[in-house]
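The values are calculated or read from the model by the stated rules, or taken from the named source; none is laboratory data. This is a predicted model, so every value here is computed, not measured. Every residue, glycine as well, gets a Cβ built from its backbone with ideal geometry; the counts of neighbours run over all protein chains shown. What goes into the accessible areas is simple: the full protein's heavy atoms, side chains included, and nothing from ligands, DNA or RNA. Shrake-Rupley method; radii C 1.70, N 1.55, O 1.52, S 1.80 Å.
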Amino acid sequence: AQSVAQPEDQVNVAEGNPLTVKCTYSVSGNPYLFWYVQYPNRGLQFLLKYITGDNLVKGSYGFEAEFNKSQTSFHLKKPSALVSDSALYFCAVRVASMIKAAGNKLTFGGGTRVLVKP
Amino acid sequence: DGGITQSPKYLFRKEGQNVTLSCEQNLNHDAMYWYRQDPGQGLRLIYYSQIVNDFQKGDIAEGYSVSREKKESFPLTVTSAQKNPTAFYLCASSIRGDRGYEQYFGPGTRLTVT
């Protein structure tokens, strides 16, 4: 079984300040980890992913995330938040599998709403 | 929303009616997915398909049905057996295989049943 927890329903931050959105995961095996962003009444947009290699992953719009295996975390970060970053953010996980038939089923966290104030 | 279209954007139905949501992709992806999104609950997987003419139930398949007759299309039918069908429905697709391929999402269909 695999699961994702996003412990904060909402994060408030002033424009120009650092932004962090937390995510912890649980899988039986090595994880693939993803971050998506959703604007109101829209689909999800892919931000970044961790597959293997460097623990610090850089993605779209200046976002980055750090994979921490010992803490089973994959927190999303942005050094300087913009008002336009206000949106709903989802973390997702799946276990790496050598079986192609396992497919690409993702398990999503409940989402964290980010509000960046001017 | 990258190559995936969902129609219509808003859909209204009376209770007891079946309704079919459209999902089309031009990304040449083998795998397609349907999710349901409710406030405060994130996304839950309804059905997924890894290849034409094959699909599997997700976590909340009861009251839903799908077909995958063409690679580009994965329609979802919300039947009258679905107890609480009002929700935001999202379709996604991805490359099939185990390289950690991300899913690409459509813009969604908001279904309201009264």
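Does any residue in the stretch A:43-64 that is more than 13 Å from A:Phe90 (Cβ to Cβ) and open to solvent by 50 Å² or more (accessible area, probe 1.4 Å) come within less than 6 Å, Cβ to Cβ, of a residue that is of a type outside the set (A, V, I, L, M, F, W, C) and at pLDDT 95 or above six or more places away or on a different chain, and which pairs are these?
Within 6 Å, the pairs are A:Asn55/A:Glu66; A:Leu56/A:Glu66; A:Lys58/A:Glu64.
Name every residue in the stretch A:72-84 that is under 15 Å from the mean Cα position of the chain (by Cα) and over 12 Å from A:Val13 (Cβ atoms), in order of residue number.
A:Thr72, A:Ser73, A:Phe74, A:His75, A:Leu76, listed by residue number.
The conditions are (1) more than 8 Å from chain A (Cβ to nearest Cβ); (2) out of contact with any Phe, Trp or Tyr (no Cβ under 6 Å at 6 or more places or on another chain); (3) surrounded by fewer than 21 Cβ atoms within 10 Å (Cβ to Cβ), and B:Pro107 fails exactly one of them. Which is it?
(1)
Which members of the stretch B:1-41 meet the condition of being among the small types (Gly, Ala, Ser), at positive phi and open to solvent by 40 Å² or more (accessible area, probe 1.4 Å)?
B:Gly2, B:Gly16, B:Gly40
Could we say that A:Tyr36 is at the interface with chain B (Cβ under 8 Å from one of its Cβ atoms), open to solvent by less than 30 Å² (accessible area, probe 1.4 Å) and either modelled with pLDDT of 95 or more or assigned to a strand (DSSP E or B) (or both) here?
Answer is yes for this residue.
Return the residue satisfying two criteria in turn: it lies in the stretch B:42-52 and is of a type in the set (A, V, I, L, M, F, W, C) and within 17 Å of B:Ser67 (Cα to Cα), and of such residues it is most open to solvent (accessible area, probe 1.4 Å).
B:Ile51
Any idea which residue in the stretch B:76-99 is nearest to the other protein chains (Cβ to nearest Cβ), counting only those that are buried (at least 17 other Cβ atoms within 10 Å of the Cβ) and in a loop (DSSP other than H, G, I, E, B)?
B:Asp98
Which residues, taken from the stretch A:40-86, are within 14 Å of chain B (Cβ to nearest Cβ), of a type in the set (A, V, I, L, M, F, W, C) and not in a loop (DSSP other than H, G, I, E, B)?
Listed by number, the residues that qualify are A:Leu44, A:Phe46, A:Leu47, A:Leu48, A:Val57, A:Ala65, A:Phe67, A:Phe74.
When A:Lys22 is evaluated against the numbered criteria (1) at the interface with chain B (Cβ under 9 Å from one of its Cβ atoms); (2) modelled with pLDDT of 95 or more; (3) under 19 Å from A:Gln71 (Cα atoms), which criterion, by number, is the only one it fails?
Evaluating A:Lys22 over (1) at the interface with chain B (Cβ under 9 Å from one of its Cβ atoms); (2) modelled with pLDDT of 95 or more; (3) under 19 Å from A:Gln71 (Cα atoms) leaves (1) as the failure.
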